[in-house]
Amino acid sequence: MPRLTLLVGGLLVATGLVAYVATDGTSLTSLIPSAIGVLLGIAGAVALKPPAQKHAIHGALVIALLGVAGSLANVVKFGQLIDGTAERPAAVLVSTIMFLVLLVYLAFGVRSFVAARRSRGRLSSSEANGSRS
């Protein structure tokens, strides 16, 4: 999960930078994906150290959840982007990319925590079964 967090962070930083350049730097808000990406990158780097991994990934998933929630206002305008009536098409496109990347990341994070919980449950069960003999 730490490496995935670093990858997602890098992808979002690149997305924000491309959006900023593509819009000729007219709006600093196009760098929002980069800001989210930097925060994820920091969390991913911290998570590379095993003692801090659990907390850092939890933090990264909270950041991702906030990013998903924050991008939702533009994502709902995706239909306007398709039919050509979007007021700020670049914002809608970049928000949709960020939304999808973070949603996939959240899905992998939840899956990872569920798997960890199950493996911990099996360990406890096998330890309990082993200690009864």
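Test of understanding: among 92, 46, 62, which residue is aliphatic (A, V, I, L, M), in contact with a Leu (Cβ under 6 Å, 6 or more places away or on another chain) and assigned to a helix (DSSP H, G or I)? Can you show your working first?
Values: 46 fails: in contact with a Leu (Cβ under 6 Å, 6 or more places away or on another chain); 62 fails: in contact with a Leu (Cβ under 6 Å, 6 or more places away or on another chain).
Checking each option against the conditions leaves just 92.
Being in contact (Cβ under 8 Å) with a residue 24 or more places away in the chain and either of a type in the set (A, V, I, L, M) or surrounded by 19 or more Cβ atoms within 10 Å (Cβ to Cβ) (or both) is true for just one of 56, 86, 73. Which residue is that?
Unique residue meeting the criteria: 56.
If I filter region 96-114 down to residues being touching a residue at least 40 places away in the same chain (Cβ under 8 Å) and among the hydroxyl-bearing types (Ser, Thr, Tyr), which single residue comes out as farthest from residue 4 (Cα to Cα)?
112
Looking only at region 40-53, count every residue that is open to solvent by 30 Å² or more (accessible area, probe 1.4 Å) and within 23 Å of residue 18 (Cβ to Cβ) and tell me the total.
Qualifying residue count, region 40-53: 2.
Evaluate region 28-39: report whether one residue or more is more than 19 Å from residue 13 (Cβ to Cβ) and either open to solvent by less than 40 Å² (accessible area, probe 1.4 Å) or in contact (Cβ under 8 Å) with a residue 12 or more places away in the chain (or both).
Within region 28-39, not a single residue is more than 19 Å from residue 13 (Cβ to Cβ) and either open to solvent by less than 40 Å² (accessible area, probe 1.4 Å) or in contact (Cβ under 8 Å) with a residue 12 or more places away in the chain (or both).
Check region 113-124 and report whether any residue there is within 16 Å of residue 22 (Cα to Cα) and open to solvent by 50 Å² or more (accessible area, probe 1.4 Å).
no
Return yes or no: is residue 79 in contact with a helix residue (DSSP H, G or I) (Cβ under 9 Å, 6 or more places away or on another chain), assigned to a helix (DSSP H, G or I) and either charged (D, E, K, R) or open to solvent by less than 70 Å² (accessible area, probe 1.4 Å) (or both)?
So residue 79 fails the test.
The values are calculated or read from the model by the stated rules, or taken from the named source; none is laboratory data. Because the structure is a prediction, the values reported are computed rather than measured. Don't worry about glycine lacking a Cβ; one is built from the backbone with ideal geometry, like all the others, and counts go over all protein chains shown. In case anyone asks, the SASA skips ligands and DNA or RNA and just uses the protein heavy atoms, side chains included. Shrake-Rupley method; radii C 1.70, N 1.55, O 1.52, S 1.80 Å.
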